[in-house]
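Peer 1: Submitted below is the structure of interest, expressed as structure tokens.
The values are calculated or read from the model by the stated rules, or taken from the named source; none is laboratory data. Keep in mind that what you see is a predicted model, and the values were worked out from it rather than measured. Because the Cβ atoms are built from the backbone with ideal geometry, glycine has one as well, and the counts that use them run over all protein chains shown. For accessibility, only protein heavy atoms count, side chains too; no ligands or nucleic acids. Shrake-Rupley method; radii C 1.70, N 1.55, O 1.52, S 1.80 Å.
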Amino acid sequence: MEIDKAIRECEDSRLKTKYTNAIYVIQRALTLYSIQEVALSFNGGKDSTVLLHLLRAGYFLHRAEESCSQDVVGENTFPIRTIYFESASAFPEINSFTYETAATYNLQMDIIRLDFKSGLEALLKANPIRAIFLGVRIGDPTAVGQEQFSPSSPGWPAFMRVNPILDWSYRDVWAFLLVCEVRYCSLYDQGYTSIGSIHDTVPNALLCISNSNNSEEKFKPAYLLPDGRLERAGRAKKQLSSISNGLKFKDLNSDSVLTASVIAVGDEILFGTVEDKLWSLLCRKLHSIGWAVSLLAVTRNDIDSVAEEVERRKSTDDMVFIYGGVGPLHSDVTVAGVAKAFGVRMAPDEEFEEHLRHLIDEKCTGDKNEMAQLPEGITELLHHEQLPVPLIKCGNVIVLTATNVAELDLQWDCLIESAKSNADLVLMAPFVSKCLATTLSDVEIAQPLSKVCLQYPDMNIGGYRGSRKGPLIIRFEGKDLTRIETASQSLCQNFLSGAFSQIE
């Protein structure tokens, strides 16, 4: 079989190991289930293309072992049912590649034009399928909590998800495709690194070839992406309307606001042993770039506690900032908690280990240093020349290592300077505010203030006192200073002149 022969003859020991493990998973599945009970989910992407050829090799080897002779197995024999969910939003190149591949390898295609769940329900009802091979890899949004054999989620049709390449990296995928010299979708040669629908996928800007003639942009092929952890940088998550001074800005007139949550990790904070001064500074910094803070939380030095808080916030906020509990001590569980929140395991990161070695010299050893263990497949290192060790970013979660105000100032400045290469930390119009002080009682001001709040729902309007007997402070906060002035005047018109005074 040409796939098995190509891998066995190559010099890439890592690829050989990945291949051997994947083939074992496939052969195990083919032992547990009959050919009529398994299916392949194929979508034309690079991962499912790898899976197709692994299945071809795995089936070939499985039949050879059963018959004790490879001569009786035809290489073009591939009886495993193949499922293709055809979508109107798919790239034409994906559809063409899928149908051409089906013809080349005589695939038994089931073409489904329903949504994924409904399509599976109909297919499994009509066929005795018990297991489906999927091209899911660690780091994929759907990979959270999955293992190589994972039952389908509650509420879905019952089947076994078989994930032979779950532990493969972007680099492993391309090593396989290039070593085996199999055909893949042409979009990958045009700079696309992760292909979704035509509505949310663009060529990866990291592969753009600079062109001084202002002609149409050109891109390097996907296999030349230097850091596989950035393969999804070609997914158009946010549309940015303008670029100013090299930094990305949202439309200043846009009503949308990006939100962030701030999580501090530390029993010493919960016990009252240490006064945390970082959260208020971080909130001010986020407001200065136009982000709204939706939650401040403090959690224990416990992996499950960290994971539960991160898991809740990463799906509801655009960004999560977490600090505390980072280091070599037994109580430093933040990074492990983040890994658990994403459903991935911790694994040594050679690049991060090298930074640590420069920082703490001989005390850092590859097999003993827990600090070199990072969430596998989802970690991006945020570099800056002023940072001795890069910051850790996992999905939309940034792990800050600051332990004091000075360190937070430095790390924040480095984040802002690198914002032009960070697709998530978008710089927007900053929040502006106006504060009025009054000696009026809460009862006197309550009803007029409530009416102003209803008139200006786009603003944050609130009241507080610095002390029980001190003046009442009314704060107007938003992104449009003109509206803030109008709102404050609307409140003042309900009272005698001089009832309010503006304060800084």
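Peer 1: Looking at PHE149, PHE176, PHE159 in this structure, which one is at pLDDT 90 or above and open to solvent by 40 Å² or more (accessible area, probe 1.4 Å)?
Peer 2: Matching residue, one of PHE149, PHE176, PHE159: PHE149.
Peer 1: Condition check: at pLDDT 90 or above, among the acidic types (Asp, Glu) and open to solvent by less than 80 Å² (accessible area, probe 1.4 Å). Does GLU93 satisfy that? Steps first, please.
Peer 2: Values: at pLDDT 90 or above: yes; among the acidic types (Asp, Glu): yes; open to solvent by less than 80 Å² (accessible area, probe 1.4 Å): yes.
It is true that GLU93 is at pLDDT 90 or above, among the acidic types (Asp, Glu) and open to solvent by less than 80 Å² (accessible area, probe 1.4 Å).
Peer 1: Please state which of the following conditions ALA429 fails to meet, knowing it meets all the rest: (1) closer than 15 Å to HIS287 by Cα; (2) part of a loop (DSSP other than H, G, I, E, B); (3) open to solvent by 60 Å² or more (accessible area, probe 1.4 Å).
Peer 2: (3) is the only condition that ALA429 fails.
Peer 1: Just to be sure, is HIS62 within 34 Å of the chain's Cα centre (by Cα) and not aliphatic (A, V, I, L, M)?
Peer 2: Details: within 34 Å of the chain's Cα centre (by Cα): no; not aliphatic (A, V, I, L, M): yes.
Judged against the criteria, HIS62 is not a match.
Peer 1: Filter the stretch 317-358 for residues that are closer than 23 Å to ALA143 by Cβ, out of contact with any Cys (no Cβ under 9 Å at 6 or more places or on another chain) and modelled with pLDDT of 85 or more and give the result.
Peer 2: If the condition is that a residue be closer than 23 Å to ALA143 by Cβ, out of contact with any Cys (no Cβ under 9 Å at 6 or more places or on another chain) and modelled with pLDDT of 85 or more, then ASP317, ASP318, MET319, VAL320, ILE322, VAL333, THR334, ALA336, GLY337, LYS340 are the ones that fit.
Peer 1: Still on this structure, please answer the following. Which residues, taken from the stretch 2-53, are assigned to a loop (DSSP other than H, G, I, E, B) and of a type in the set (Gly, Ala, Ser)?
Peer 2: SER34, GLY44, GLY45
Peer 1: How many residues are at pLDDT below 65 and open to solvent by 70 Å² or more (accessible area, probe 1.4 Å) if we restrict to the stretch 359-375?
Peer 2: 5
Peer 1: Also, I was wondering about something else. Tell me which residues, restricted to the stretch 465-504, are under 12 Å from THR439 (Cα atoms), in contact (Cβ under 8 Å) with a residue 60 or more places away in the chain and either open to solvent by 50 Å² or more (accessible area, probe 1.4 Å) or part of a loop (DSSP other than H, G, I, E, B) (or both).
Peer 2: Passing the criteria: ALA499, SER501.
Peer 1: For the subset of the stretch 257-290 comprising residues that are crowded, with 19+ Cβ neighbours inside 10 Å, farther than 19 Å from LYS479 by Cα and not hydrophobic (A, V, I, L, M, F, W, C), which member is nearest to the chain's Cα centre (by Cα)?
Peer 2: Within the stretch 257-290, the match that is nearest to the chain's Cα centre (by Cα) is SER261.
Peer 1: Something else about it: Taking the criterion of being touching a residue at least 40 places away in the same chain (Cβ under 8 Å) and among the charged types (D, E, K, R), would at least one residue in the stretch 181-188 satisfy it?
Peer 2: There is at least one residue in the stretch 181-188 that is touching a residue at least 40 places away in the same chain (Cβ under 8 Å) and among the charged types (D, E, K, R).
Peer 1: Taking the stated definitions as given, is VAL443 under 40 Å from the mean Cα position of the chain (by Cα) and β-branched (Val, Ile, Thr)? Before the answer, list the steps.
Peer 2: Details: under 40 Å from the mean Cα position of the chain (by Cα): no; β-branched (Val, Ile, Thr): yes.
Answer is no for this residue.
Peer 1: Here's a follow-up. Give just the number: which of (1) crowded, with 17+ Cβ neighbours inside 10 Å; (2) modelled with pLDDT of 90 or more does HIS62 not satisfy?
Peer 2: Condition not satisfied by HIS62: (2).
Peer 1: Restricting attention to the stretch 49-59, report how many residues are at pLDDT below 95 and under 27 Å from the mean Cα position of the chain (by Cα).
Peer 2: Residues in the stretch 49-59 being at pLDDT below 95 and under 27 Å from the mean Cα position of the chain (by Cα): 0 in total.
Peer 1: When you check GLY462 against the structure, is it within 30 Å of VAL397 (Cα to Cα) and either free of Cβ contacts under 8 Å to residues at least 24 places away in the same chain or not acidic (Asp, Glu) (or both), yes or no?
Peer 2: yes
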